[in-house]
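Quick notes on the structure that follows.
The values are calculated or read from the model by the stated rules, or taken from the named source; none is laboratory data. Source: prediction; values computed, not measured. Heads up, the Cβs are rebuilt from the backbone with ideal geometry, glycines too, and the neighbour counts pull from every protein chain shown. Just so you know, the surface numbers come from the protein's heavy atoms only, side chains and all, with ligands and any DNA or RNA stripped out. Shrake-Rupley method; radii C 1.70, N 1.55, O 1.52, S 1.80 Å.
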Amino acid sequence: FGSLLHTGTKLRELNLGWNKIRAKGAAFIAEGLKANSLVEVVNLGWNGLGDDGLTHIGETLANSTSLVEVILSCNGAGTRGAVALAEGIKVNESLASLEVDSNNVNEEGGEALKAAVLENKGLVSIKLDNTNTSDNLRFSVADILKERRAAAA
């Protein structure tokens, strides 16, 4: 499937939620997305990607200039996946919205994502509900993004 994204497709949105893609499938999709500069929205939620899958997507985000919205909700990912994803977010210049809710990222992963939010000034929305992160961390991220959106208005 990832090779289809290499073929000059005019696809702008890729909705593959609820497809049991797992980490191996995420690797193929991530490779395809690296070669595609048109896809803007990717939904890979509810696919059991785990830490390895989020790592693949993080690597893609580090190289993407087109992805604006990425949905990774409920993928069984933990701290390692969140930290790897955060590394890609830090250097991405197009991402505006990220959903990682209902993943067990814990406080360490949440702190890594917060650091990525601070570095990536284009990110204006992130969902961190049900991630085993503290209220303080989630409220802090929400405040950063609220100020960012207000400044842009």
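In a simple Cβ point-charge model (Lys, Arg +1; Asp, Glu -1; nothing else charged), region 102-141 has a dipole of about 200 debye relative to its Cα centre.
With a simple spin-label model that places each label point 7 Å from the Cα along the Cα-to-Cβ direction, the separation between Ala150 and Lys24 comes to 5.0 nm.
Each of Asn103, Gly50, Gly32 was placed along the dipole of the chain (beta-carbon charges, centred on the mean Cα), and the one lying farthest toward the positive end is Gly32. Our coupling estimate for region 82-88, obtained by passing each phi through the Karplus curve with A = 6.51, B = -1.76, C = 1.60 and θ = phi - 60°, is 5, 5, 5, 4, 4, 4, x Hz, Gly and Pro reported as x. Pick from Val42, Val91, Val70: which is most flexible by mean-square fluctuation in a GNM of the chain where alpha carbon atoms under 10 Å apart are linked? Among Val42, Val91, Val70, the largest mean-square fluctuation in the Gaussian network model of the chain belongs to Val91.
Remark: region 12-153 carries 46 Å² of accessible area per residue (probe radius 1.4 Å; ligands, DNA and RNA excluded). If you plug the beta carbon distance of Leu38 and Leu137 into 1/(1 + (r/R0)^6) with R0 = 25 Å, you get a FRET efficiency near 0.15.
A simple spin-label model places the labels of Glu13 and Ala62 3.0 nm from each other, with each point 7 Å out along Cα-to-Cβ. A helix-only calculation puts the chain at -15500 deg cm²/dmol for mean residue ellipticity at 222 nm, using -39500 (n - 2.57) for each DSSP H run of at least four residues, averaged over all residues.
Charge dipole (Cα centre; +1 on Lys/Arg Cβ, -1 on Asp/Glu Cβ; no other charges) of region 63-153 amounts to roughly 180 debye.
Rg/Rh for region 52-137 (Cα atoms only, Rh after Kirkwood) is 0.92.
Applying D = kT/(6 pi eta Rh) to the chain, where Rh is the Kirkwood radius over alpha-carbon pairs, T corresponds to 10 °C and eta to 1.306 mPa s, the Stokes-Einstein value obtained is 106 µm²/s. Carbon and sulfur together cover what percent of the accessible area of region 49-100 at a 1.4 Å probe radius? It is 50 percent, rounded to a whole number.
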